[in-house]
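This report concerns only the one structure given below.
Coordinate-derived values only; no laboratory data. Predicted model only: the values in this text are computed from it and were never measured. Here the Cβ positions follow ideal geometry from the backbone for every residue, glycine too, while neighbour counts run over all protein chains shown.
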Amino acid sequence: MHRLVHGPHAREHRLERRTTEILDFESQVGRLPRVTLAVLLTFALTPQLQVVPFPSEVGEPAEVRLRRQGQPVANATVHAEQPDGSTIVVGTTNDAGSVVFVPTLPGDYVITTRQDAVRVVVPHRVASTQARWPLAFGCVPLGLAALWQLRRERGRRES
């Protein structure tokens, strides 16, 4: 009976010993800086896509800028996936690396382009146009009431 249990138990510990050797971080010295360098180079060499202003409003022009290593990328086709799931072609970037589009639907857009077999993706939020008049109708009377109350308090202190 002891041999039936001892054999599998010993194999289990041998496997455990092998896995701890694989996870021995002391022998991994020197690899972490190389990984960091590889990640930094990857991010430095891939194109960057930016949408300004963020977030924007429906009907307000938004500028999509495409840069690679800080330099503008011209003649890149930019697409936008609208909140309803449809995809539209925004346009082609000009010499300054930008293209302007006017969002027609509120919600989350996904702006994409391909550059040298790399797909660059950036999210963009578009808010519905906000009516600021109701806010003004609420804030102005409250501000006047607060000023009137402050004046009244000053008048009581002086007398």
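Taking 0.36 nm per intervening residue step and subtracting the Cα-Cα distance, what contour gain separates GLU158 from GLN82 on full extension?
21.1 nm
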(request) Per residue of the stretch 108-116, in order, report the coupling 6.51 cos²θ - 1.76 cosθ + 1.60 (Karplus, θ = phi - 60°) as ³J(HN,Hα) in whole Hz, putting x for Gly and Pro. (result) 9, 9, 10, 9, 9, 8, 10, 9, 6
(request) Report the FRET efficiency, 1/(1 + (r/R0)^6), for ALA74 and LEU135, where r is their Cβ-Cβ distance and R0 is 35 Å, rounded to 0.05. (result) 0.25
(request) Once you have the Kirkwood Rh of the stretch 47-127 from its Cα pairs, apply Stokes-Einstein at 25 °C and 0.890 mPa s and quote D in µm²/s. (result) 198 µm²/s
(request) Calculate one ³J(HN,Hα) per residue across the stretch 64-80 by plugging θ = phi - 60° into the Karplus curve 6.51 cos²θ - 1.76 cosθ + 1.60, and present them in order as whole Hz with x for glycine and proline. (result) 9, 10, 10, 10, 9, 6, x, 9, x, 10, 9, 6, 9, 7, 10, 10, 9
(request) Quick one: which residues, 5+ away or cross-chain, put their amide H under 5 Å from the amide H of GLN48? H built at 1.01 Å from N. (result) ARG67, ARG68, GLN69
